[in-house]
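Below is one structure, written out as structure tokens; comments come after it.
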Amino acid sequence: MSNVLEDLLSHIDPATVGQIAGQLGVDEGTAQSGIQAALPLLLGGLARNVQTDDGAQALSSALSQDHNGSILGDLAGAILGGQGPGAAILGHVFGGQQQGVGNAVGNALGGGNGLALLQMLAPIVLGYLGKQQQTQGLDPSGLAALLGGHQQHVEQQGGGGALGMIGQLLDGNHDGSPIDDIIGMAGQFLRR
């Protein structure tokens, strides 16, 4: 199975990185680091959500209705135009923990606004998955298998590679997925 993250990253060209950097007020290297930290978290959150039949069906329906992959044709324009329901997507992916995840991504941006970056990337991720769903003819279980395959790839890589240093640092229990650890950290923060 191909590496979903690497394939997704191949769609984010230098012009898109430049637009993201401009929107965030950071240099392109910092934006690239943030992207490499954020995408695995988004994919991991989606993989967690599709572990149930209802979650897989909900994502499949959302992709069919609203995320057909057309955003991939003009990513820089979409970023510049502020298109996309990024905040709503993050609410579905991370629930009430999105601010904690945003703070974690912000560390990769040198303290920048990680939540804003996640909001920019969320429609891109769903657009990519929508295109995969269409071109591969994926039903909800196929979509779950695609995202599950991504998680397996991350685990086989020991959480390294494209997961990035922030993913490794946040994976406190070393299970190959920093999502559960981020949610736990955010929960502790919210209870204070």
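The values are calculated or read from the model by the stated rules, or taken from the named source; none is laboratory data. No experiment lies behind these values; they were computed from the predicted model shown. As a convention, Cβ positions derive from the backbone with ideal geometry for all residues, glycine included, and neighbour counts pool all protein chains shown. Quick note on the areas: whole protein, heavy atoms, side chains included, nothing else; ligands and nucleic acids left out. Shrake-Rupley method; radii C 1.70, N 1.55, O 1.52, S 1.80 Å.
So that you can scan it fast, the table gives a plain yes or no per residue for (1) out of contact with any Asp or Glu (no Cβ under 7 Å at 6 or more places or on another chain); (2) touching a residue at least 40 places away in the same chain (Cβ under 8 Å); (3) not charged (D, E, K, R):
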site	(1), (2), (3)
His92	yes, yes, yes
Gly96	yes, yes, yes
Val105	yes, yes, yes
Gly111	yes, no, yes
Leu121	yes, yes, yes
Leu126	yes, yes, yes
Lys131	yes, yes, no
Ser141	yes, yes, yes
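Scanning region 1-49 for residues that are among the small types (Gly, Ala, Ser), free of Cβ contacts under 8 Å to residues at least 60 places away in the same chain and closer than 26 Å to Ser61 by Cβ turns up just one, Ser2. Can you spot a residue in region 58-67 that is buried (at least 18 other Cβ atoms within 10 Å of the Cβ) and among the hydroxyl-bearing types (Ser, Thr, Tyr)? Yes: region 58-67 contains one or more residues that are buried (at least 18 other Cβ atoms within 10 Å of the Cβ) and among the hydroxyl-bearing types (Ser, Thr, Tyr). Being farther than 20 Å from Leu5 by Cα and not in a helix (DSSP H, G or I) is the requirement here; does Gly55 meet it? Considered against the rule, which asks whether it is farther than 20 Å from Leu5 by Cα and not in a helix (DSSP H, G or I), Gly55 comes out as no. Residues in region 114-128 include at least one that is surrounded by fewer than 22 Cβ atoms within 10 Å (Cβ to Cβ), over 17 Å from Leu5 (Cβ atoms) and among the small types (Gly, Ala, Ser). Would you check if Ala21 is within 24 Å of Ala104 (Cα to Cα) and at pLDDT 90 or above? Here the answer is yes, as Ala21 does meet what is asked.
The condition (being among the aliphatic types (A, V, I, L, M), surrounded by 13 or more Cβ atoms within 10 Å (Cβ to Cβ) and under 23 Å from Gln133 (Cβ atoms)) is satisfied by just one residue among Leu24, Leu46: Leu46.
Of the residues screened, Gly102 is one that is over 27 Å from Asp139 (Cα atoms), touching a helix residue (DSSP H, G or I) at 6+ places or on another chain (Cβ under 9 Å) and open to solvent by less than 20 Å² (accessible area, probe 1.4 Å).
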